[in-house]
Amino acid sequence: MLFSQSWANLPYIIITVIIGFTLHEFAHAYVAYKFGDPTAEKQGRLTLNPIAHIDPLGALFIILVGFGWARPVPVNRYYFKHPRVAGVLVSLAGPLSNLVLAFIGFILFAVLYRTGITNGMPFDFFPFLQIFISMNLLLFAFNLIPLPPLDGYRIIEDLVTSRVRAKMAQYEVYGSILFIVLVVTGLSNSTIFPYIRFVQGVFIQFFQSILL
């Protein structure tokens, strides 16, 4: 299970997955809509209703093996006046929403820790907040990996020249295969997950430096 958590923490993980995935996809849809693309809004994706965004199989995967997916938000670049700028910001919106959620979680953690107001309460908030922070940092870092179909790859697509973008499109399927191989074979344990743990550690240290 994700982070080698015990089954007792499964409700915390499920809640975090629902919130993290929902905000991530809503952020994509909202920014695309603000740049003039009504596609997601017309398909009912401009909502905070988790049912519109959660892919049950993808949610199960992130709980069990540490990576997963939600239902991708449809984006039509032809509505954008400045496709490259809008494309980058739409792609960034999802991961950044998870970073903001992690920061909010750490603020709550710091407030509860400093005030001690949860002492004596029947519910221990700290395990939930620790999972909430870690998983949202995972979603932030994971989605910025520059392999298709992740947001990091889409960002690079919009930053390079049209000629390079065309070349990337030709080889995109191989990038997707590489990504699947890394995950399925367990090579992600020596490639993807060390990177994710590094990003988690950097931001947790940063949050601690300004809040604790």
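The single condition among (1) touching a residue at least 24 places away in the same chain (Cβ under 8 Å); (2) within 30 Å of V181 (Cα to Cα) that P146 does not meet is (1).
Sub-7 Å Cβ pairs linking a first residue in segment 19-45 that is touching a residue at least 60 places away in the same chain (Cβ under 8 Å) and part of a loop (DSSP other than H, G, I, E, B) to a second residue that is crowded, with 21+ Cβ neighbours inside 10 Å and charged (D, E, K, R), at least 6 apart or interchain, number zero. Pairing residues of segment 103-125 that are surrounded by 10 or more Cβ atoms within 10 Å (Cβ to Cβ) with residues that are part of a loop (DSSP other than H, G, I, E, B), at Cβ distances under 6 Å and at least 6 apart in sequence or on separate chains, gives A110/L212; L112/T118; F125/T118.
Going residue by residue through segment 73-86, is there one that turns out to be surrounded by 15 or more Cβ atoms within 10 Å (Cβ to Cβ), in contact with a Phe, Trp or Tyr (Cβ under 9 Å, 6 or more places away or on another chain) and among the β-branched types (V, I, T)? Checking segment 73-86: at least one residue is surrounded by 15 or more Cβ atoms within 10 Å (Cβ to Cβ), in contact with a Phe, Trp or Tyr (Cβ under 9 Å, 6 or more places away or on another chain) and among the β-branched types (V, I, T).
If you filter segment 32-82 down to residues that are in contact with a Lys or Arg (Cβ under 6 Å, 6 or more places away or on another chain) and modelled with pLDDT of 95 or more, you find that the one that is farthest from I180 (Cα to Cα) is A52.
The values are calculated or read from the model by the stated rules, or taken from the named source; none is laboratory data. Because the structure is predicted, anything quoted here is derived from the model rather than measured. Cβ atoms come from the backbone with ideal geometry, glycine included; neighbour counts cover every protein chain shown.
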